Amino acid sequence: MKSHQDVSKMYINGQWVAAKNQATFPVYNPANGEKIGDVADGDRDDAQKAIHAAQEAFGPWSGRTAYARSKYLYTAYQVMMDRKEHLAQVMTREQGKPLKASRGEIQYGADFLLWYAEEAKRIYGETIPAPRSDQRFIVLRQPVGVVAAITPWNYPMSMITRKVAPALAAGCTIVLKPAEATPLCAVEIFKIFENAGIPGGVVNLVTALNPVPIGEAFTTHPMVRKITFTGSTQVGKILAKKAADQVKRVSLELGGHAPFIVFEDADPVYAAKGAVLVKFLNTGQACISPNRIFVHQSIIEPFIEEFKSRVSKMRAGSGFEDGVSIGPLVNDAAVQKVEGQVTDAVDQGATLICGGRRLTDDNLDKGFFYAPTILGDVTPEMLIYREETFGPVAPIIAFDSEKEVLDMANDTHYGLAAYVYTKSLSRAMRMFEALRFGIVGINDINPTAAAAPFGGIKESGIGREGGREGIAEYLETKLGGFSV
Ligand code: NAD
């Protein structure tokens with residue numbers, strides 16, 4: 001393990017480098033507040049240097065065959081799998097999620113390297129019948145150019161590979177800024193790219209405590225042709241507005257407010273099991289986390305009974321301890337946001353079924369822990385009904401009819417994930433078609449995989465990651481018209 005004196009550097013043009021002004025910033029373990037490292041604190045100059053390196057590397061990289069690019073990604077996949085346990089330890093220490101969940105994320109992250117190693121070889125063009133007999137149309141798909149990426153802390157490794165793998169497969173080069181809470185996870189991923197032999201300048205890492213100047217450099221530098229961002233809707237809007245000045249391509253994976261709907265024909269025990277698993281995944285810090293759990297009036301009692309019984313068995317603590325399923329929140333502001341939403345709901349008449357407090361026993365006060373919480377009788381006036389929580393709070397709402405619940409579910413400016421539990425095939429299909437969300441899980445709490453298009457509609461984002469769609473985000477379409 002690193003000593004506290006070590007500084008993790010940035011990776012620019014194939015070299016590990018300090019920030020131009022030599023600045024660094026500390027990184028802390030959110031479970032106990034301990035400092036776990038120092039990281040280079042880059043600024044606008046460092047970002048520009050990385051953009052230039054990516055521009056230099058673009059010609060040679062995009063000029064390689066798809067087979068050559070594929071090979072690098074495949075090697076990176078193998079290196080990532082070889083380091084799975086080490087990576088999981090780094091992630092749990094820096095982000096806080098239980099070790100088992102970290103291992104799961106590393107597999108998910110590696111899957112993108114493997115999937116896009118394969119997809120690199122399937123960037124097909126087209127010929128189109130022309131209206132004139134002496135004319136031919138040919139369509140090429142070409143890489144957009146230099147990509148600038150910004151990633152969040154909640155899935156600190158997989159959100160990086162989900163962007164880098166398709167960008168490289170398409171022939172783009174990339175500069176990435178990870179979240180300031182989890183730069184060490186990013187450094188580990190870039191070591192994999194280095195060890196896979198990916199040429200200098202193709203992948204570049206700029207770490208910074210203050211994201212604003214880096215975002216400015218990304219959105220204003222003319223060499224950057226594409227911005228890809230995963231994070232909050234608020235920041236996504238800022239970046240999209242700035243990127244519009246140069247009409248840069250933009251992909252945004254933003255916040256969510258997932259409805260989880262349990263119909264009267266579903267098994268309430270089975271549905272409650274699924275709801276608990278997905279609600280408390282990553283301590284609720286997931287963009288696909290259910291934020292309103294709608295349960296049919298006729299089965300709400302057995303549903304809540306099972307839900308509560310499962311929640312009461314959950315243990316919070318360090319992700320390194322056996323049996324822990326609730327890790328810390330990312331920082332104190334996150335705990336305060338959760339506290340604010342719970343207080344507001346209870347003040348407006350919600351029933352606190354369990355939890356509803358910070359956890360401070362057994363040294364948990366050194367980290368950012370909040371008890372897994374269930375709220376009943378939640379109504380549309382409450383903040384939690386509209387705002388993303390990003391914490392371990394499950395608001396439960398009763399409903400009477402399919403039409404009523406569909407209207408309530410769609411009544412949000414978010415549109416990322418939704419879940420439906422029903423045994424009726426017709427109802428499942430009706431809901432799948434009518435829910436205004438990019439991802440719908442039908443009796444399925446994990447509708448995600450590297451091979452499947454992930455993303456939102458409305459204010460949850462633009463574009464898709466994963467699947468065939470994921471590589472298209474990094475490709476331009478070029479039409480050739482030939483007179484023969
Ligand atoms: P955030 O928007 O605060 O931060 C995300 C990233 O943006 C970080 O790297 C941060 O440093 C950077 N950033 C913040 N302000 C910036 C600015 N002005 N200019 C440039 N960069 C800036 O979000 P967060 O709290 O880190 O992540 C949580 C959010 O991410 C939630 O809303 C969640 O739903 C969303 N998320 C979405 C997906 C998805 O695929 N749709 C996946 C994971 C997380």
Picking from ILE160, TYR474, LEU209, whose Cα lies most toward the positive end of the charge dipole for the chain (charges on Cβ: Lys, Arg +1; Asp, Glu -1)?
-> TYR474
Please give the FRET efficiency for GLU339 paired with LYS100, using the beta carbon to beta carbon distance and R0 = 30 Å, rounded to the nearest 0.05.
-> 0.60
For region 89-134 and region 253-310, distance of Cα centres in Å | 29 Å
To the nearest 0.05, what FRET efficiency results for ASP134 and ALA449 with a Förster distance of 51 Å applied to their C-beta separation?
-> 0.65
For HIS413, the net charge from surrounding residues (Cβ-Cβ under 12 Å; K, R +1; D, E -1) works out to 0
Taking Cα atoms, the helix 99-119 axis meets the longest principal axis of the chain at an angle in degrees (rounded to 10) of 40 degrees
Given +1 on the Cβ of Lys and Arg, -1 on the Cβ of Asp and Glu, and no further charges, what dipole in debye does region 75-234 carry about its Cα centre, rounded to the nearest 20?
-> 220 debye
Three-way shape label, the chain, alpha-carbon gyration tensor, a/c 1.5 = oblate
What does the accessible area per residue of the chain come to in Å², with a 1.4 Å probe and no ligands, DNA or RNA counted?
-> 40 Å²
Cross-chain or 8 or more residues apart, Cα under 23 Å: how many lysine pairs in region 258-449 fit that? Count them up, please.
-> 11
Dipole size in debye (nearest 20) for the chain around its Cα centre, Lys and Arg Cβ +1, Asp and Glu Cβ -1?
-> 1720 debye
Packing-based order for 314-322, 195-203, using average beta carbon neighbours within 10 Å, highest first = 195-203, 314-322
Value at 222 nm in deg cm²/dmol, rounded to 500, when DSSP H runs of n ≥ 4 in the chain each add -39,500 (n - 2.57) | -12000 deg cm²/dmol
When the dipole is taken about the Cα centre of region 258-449, and only Lys, Arg (+1) and Asp, Glu (-1) are charged at their Cβ, what size is it in debye, to the nearest 20?
-> 380 debye
SER309 label point, 7 Å along Cα→Cβ, cut-off 14 Å on backbone N: hits in region 257-298?
-> 268-274
For the pair LEU425 and HIS86, the simple spin-label estimate (label points 7 Å beyond Cα toward Cβ) gives in nm 5.1 nm
Projected label distance in nm at VAL247 and ASN410, using a 7 Å step from Cα toward the beta-carbon = 3.4 nm
Rel. contact order, % - alpha carbon contacts under 8 angstrom, at least six apart, region 390-484 = 22 percent
Just report the Cα centroid separation between region 317-331 and region 363-384, whole Å.
-> 16 Å
Could you look at the chain and say what percent of its accessible area is carbon and sulfur, using a 1.4 Å probe and all protein chains?
-> 53 percent
Plugging the Cβ-Cβ distance of ASN363 and ASN210 into 1/(1 + (r/R0)^6) at R0 = 41 Å yields, to the nearest 0.05, a FRET efficiency of 0.85
For region 258-449, fraction of C-alpha pairs farther apart than 20 Å, in % = 51 percent
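The values are calculated or read from the model by the stated rules, or taken from the named source; none is laboratory data. Remember, it's a predicted structure, so these values are computed and weren't measured experimentally. Cβ: placed from backbone, ideal geometry, glycine included. Neighbour counts: every protein chain shown. For the accessible areas, the whole protein counts, side chains as well, though only heavy atoms, and no ligand, DNA or RNA atoms are used. Shrake-Rupley method; radii C 1.70, N 1.55, O 1.52, S 1.80 Å.
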